[in-house]
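The values are calculated or read from the model by the stated rules, or taken from the named source; none is laboratory data. Everything numeric in this text was worked out from a predicted model, so none of it was measured. Heads up, the Cβs are rebuilt from the backbone with ideal geometry, glycines too, and the neighbour counts pull from every protein chain shown. Ligands, DNA and RNA are stripped out before the accessible areas are found, and what is left, the full protein with its side chains, is counted by its heavy atoms. Shrake-Rupley method; radii C 1.70, N 1.55, O 1.52, S 1.80 Å.
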Amino acid sequence: MQSDERVSIVGQRLRRPDAVQKLTGYERYTDDLALPGMYSAHFVLSPHAHATIRGIDVDEAARAPAVVAVVTSRDLPEFARDDEPSIRAGFFLASERASYAGQPVAVVVARTAAEAESAAELVAVDYDPQPPVAGIEMARQFEATPVRPRTFARASSVADSTKRVVPNVNGSIHHQRGDVERAFRDAAICVEQTFDSHGVHQSYLEPRSVVASAEPNGRLTIYTPTQGQFMVRAALARVLRLAETDIRVEPMAVGGGFGGKMVLLEPLAALLAMRFKRPVKLTLTRQQDFLSTTPAPESRLTLALAADAEGLLTGLRADLWFDTGYFSNSPYQLVAQMIGSFYRIPNIDIRSTEVLSNRTGTGSYRAPGLTPMMVALETLVDELARSLDLSPLEFRLRNVAHEGDLMADGTRWPSMDLPALLREAERSSLWSTPCAVDEGVGLAIGGLRGGAESASASLRLNADGTLSVMIGSVDLTGTNTGLTQIAAEAFGVSSDQVRVTTASSDSAPQFGLTGGSKVLYSVGNAVLEAARDARAQAFAVAADRLEAGIDDLELASNRIQVRGAP
């Protein structure tokens, strides 16, 4: 909306539309589903980070009460037996080897969850443990054992024979501008430090869970607490060799995601449902969720900053490493872009690399990779400010990026105003008031380029004057409250006349991932346009019925009427 538009609903306190069902326990999560004839499944996970699988004895487990089957890789279709799929959604069960602790090697299907979990303890797997590649330092060595041997063999066969290839480097990016060596040689002051960050599990309250149902007409229905229902549909279509129209994703309430709940259990649950022609529920225990899902990666960030005597940054050198585990999904490219973009630095040399290791694959966690990156960068900025006898705020004001400045990858900053943000912080009493004993005030900037995906929304005016808004995003943090206010404001009704619904993939308007702080920006603009369009259509119909000009009409008390002559 334009900055000079008056609003009466947007910005007001509004009870969340889902507050009652959340607070009373009425909300239905995926593990609450109980479809007719449904089976439950439970994983058998590898306790070894690296081991050859010599055999799996399922006989005792298969004889356990209520067990339907014990499924191993050999029971799956040929396309589902790959130990080195290009994407994690393409992995089902370990076939010849286990490549990280927590990797699924078998799944027990039974009539109840308790019986499936009990029988899983009876599955005997004969492992031949092998030395694992653990952590960045081991993974980036030339002599390291390839974590994905077949993938490495294929890559080596096409590599230049004169170059030594680090077997577990899975991706690397390099941003360079200016003359970094000269910048550091001529600098008045330089600082350098290495920062290590551990992997972090998202620790959502609801463990991973999915229900898959194979319908008689050949379609699949997937009930899942995902942050991206269209991502799930596309991944399932790709790995199961199905058309997207054969798959319906029902996005369930998400009991916490923080970037972690994308695609994981859905492909295997779908295969089981197709095999047994029954709905199948697969819910991880808390321990299984910690072991085998998608935590944020471990990282090692070595940074050096140079500045002149006037307090202007002149050079940045960064050597960034991320442990992506067994599947490629680290934020090495995003961090490489952002670390050289928050400040005006004419000379940069940034290398960012992800390495494979014998750990579970990584995932996103609240602005992927940017939290440890900003800790490292802002720590060095503070060191420079102290060394130059400048306040941390003044030093940042001299160097912070402006709208239109070059980012590390050569693109330019879109609309933003970090200088204004810093000046606002300077006016804050928190910054200007002297600290009491044992108190301190720190300053740091941070950011993420959000709003980078398109979005659609559908709005329907019902016969009783209420509005139904249909979207494809899920509500993780109260975004549906904001969307309700936007629709009500733009159409001209009260917020209690608006209901926002996340529809299934069959009917929901297209949207990408719920995350990256972009839902209100992208989906909000789609809702705004839909509400304005619906209002315009309603006024056009009213103008025809009332034989009046549109400009002579008003919306008041739930009626479109002639202004001054209702």
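For this structure, a couple of remarks:
- Criterion applied to VAL562, VAL541, VAL498, VAL493 was being open to solvent by 50 Å² or more (accessible area, probe 1.4 Å), over 25 Å from the mean Cα position of the chain (by Cα) and among the aliphatic types (A, V, I, L, M), and the one residue passing it is VAL541.
- Any hit, segment 504-524, residues being surrounded by 12 or more Cβ atoms within 10 Å (Cβ to Cβ), touching a Ser or Thr at 6+ places or on another chain (Cβ under 6 Å), at pLDDT 95 or above and more than 17 Å from LEU476 (Cα to Cα): yes
- Failed criterion for GLU547 (all others in (1) open to solvent by 30 Å² or more (accessible area, probe 1.4 Å); (2) closer than 23 Å to THR224 by Cβ; (3) charged (D, E, K, R) hold): (2)
- Among (1) surrounded by fewer than 23 Cβ atoms within 10 Å (Cβ to Cβ); (2) modelled with pLDDT under 95; (3) not aliphatic (A, V, I, L, M), the one test that ASP349 misses: (2)
- Taking the criterion of being of a type in the set (Lys, Arg) and over 27 Å from MET262 (Cβ atoms), the residues of segment 296-351 that qualify are ARG317, ARG344, ARG351.
- Options ARG396, ARG423, ARG386; residue that is crowded, with 20+ Cβ neighbours inside 10 Å, more than 30 Å from THR145 (Cβ to Cβ) and not β-branched (Val, Ile, Thr): ARG396
- Condition check for ARG412: charged (D, E, K, R), under 30 Å from the mean Cα position of the chain (by Cα) and under 30 Å from VAL147 (Cβ atoms): no
- Test for ASP75: is it open to solvent by 20 Å² or more (accessible area, probe 1.4 Å) and closer than 20 Å to THR285 by Cβ: no
- In segment 411-420, residue least open to solvent (accessible area, probe 1.4 Å) [restricted to those that are without any contact (Cβ under 8 Å) to a residue 24 or more places away in the chain and out of contact with any helix residue (DSSP H, G or I) (no Cβ under 8 Å at 6 or more places or on another chain)]: ALA420
- Per-region count, segment 176-211, residues assigned to a strand (DSSP E or B) and of a type in the set (Gly, Ala, Ser): 2
- Which listed residue is within 30 Å of GLY102 (Cα to Cα), open to solvent by less than 40 Å² (accessible area, probe 1.4 Å) and either of a type in the set (Asp, Glu) or free of Cβ contacts under 8 Å to residues at least 40 places away in the same chain (or both), from GLU354, GLU378: GLU354
- Number of the condition not met by MET416 [criteria: (1) outside any loop (DSSP other than H, G, I, E, B); (2) of a type outside the set (Val, Ile, Thr); (3) farther than 30 Å from GLY199 by Cβ]: (1)
Conditions (1) more than 11 Å from VAL108 (Cα to Cα); (2) in contact with a helix residue (DSSP H, G or I) (Cβ under 6 Å, 6 or more places away or on another chain); (3) outside any loop (DSSP other than H, G, I, E, B), marked per residue:
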{"residue": "GLU27", "(1), (2), (3)": "yes, yes, no"}
{"residue": "LEU35", "(1), (2), (3)": "yes, no, no"}
{"residue": "SER40", "(1), (2), (3)": "no, yes, yes"}
{"residue": "GLY55", "(1), (2), (3)": "yes, no, yes"}
{"residue": "ALA69", "(1), (2), (3)": "no, no, yes"}
{"residue": "PHE79", "(1), (2), (3)": "yes, no, yes"}
{"residue": "PRO85", "(1), (2), (3)": "yes, no, no"}
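- If you check ARG286, ARG300, ARG278 for being within 19 Å of THR30 (Cβ to Cβ), in contact with a Phe, Trp or Tyr (Cβ under 7 Å, 6 or more places away or on another chain) and charged (D, E, K, R), only one passes: ARG278.
- Among residues of segment 292-302, those that are open to solvent by less than 10 Å² (accessible area, probe 1.4 Å), hydroxyl-bearing (Ser, Thr, Tyr) and part of a strand (DSSP E or B), counted: 1
- Selection count where residues are part of a helix (DSSP H, G or I) and not charged (D, E, K, R), scope segment 109-144: 10
- First in segment 458-473 and farther than 17 Å from GLN229 by Cα, second anywhere and small (Gly, Ala, Ser) and in a loop (DSSP other than H, G, I, E, B), Cβ under 8 Å, 6 or more apart: VAL469/ALA457
Listed here are the residues, each with its yes/no results for (1) open to solvent by less than 20 Å² (accessible area, probe 1.4 Å); (2) assigned to a loop (DSSP other than H, G, I, E, B); (3) farther than 27 Å from ILE136 by Cα.
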position	(1), (2), (3)
PHE290	no, no, no
LEU305	yes, no, no
GLU310	no, yes, yes
ALA318	yes, no, no
THR324	yes, no, no
PHE327	yes, yes, no
ASN358	yes, yes, no
THR362	yes, yes, no
TYR365	no, yes, no
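- Single residue of segment 399-410 satisfying the filter (part of a loop (DSSP other than H, G, I, E, B) and over 20 Å from GLU310 (Cα atoms)) that is most open to solvent (accessible area, probe 1.4 Å): GLU403
- Residue list for segment 120-139, restricted to those being of a type in the set (D, E, K, R), open to solvent by less than 60 Å² (accessible area, probe 1.4 Å) and over 30 Å from GLU60 (Cα atoms): none
- Number of residues in segment 26-62 that are open to solvent by 60 Å² or more (accessible area, probe 1.4 Å) and closer than 27 Å to THR224 by Cβ: the value is 7.
- Qualifying residues in segment 178-216 (those that are of a type in the set (D, E, K, R) and open to solvent by 60 Å² or more (accessible area, probe 1.4 Å)) - the one farthest from SER330 (Cα to Cα): ASP186
- Residues satisfying the stated conditions in segment 219-278, i.e. of a type in the set (Gly, Ala, Ser), without any contact (Cβ under 8 Å) to a residue 40 or more places away in the chain and not in a helix (DSSP H, G or I): ALA243
- Boolean, ALA114 is open to solvent by less than 70 Å² (accessible area, probe 1.4 Å) and aliphatic (A, V, I, L, M): no
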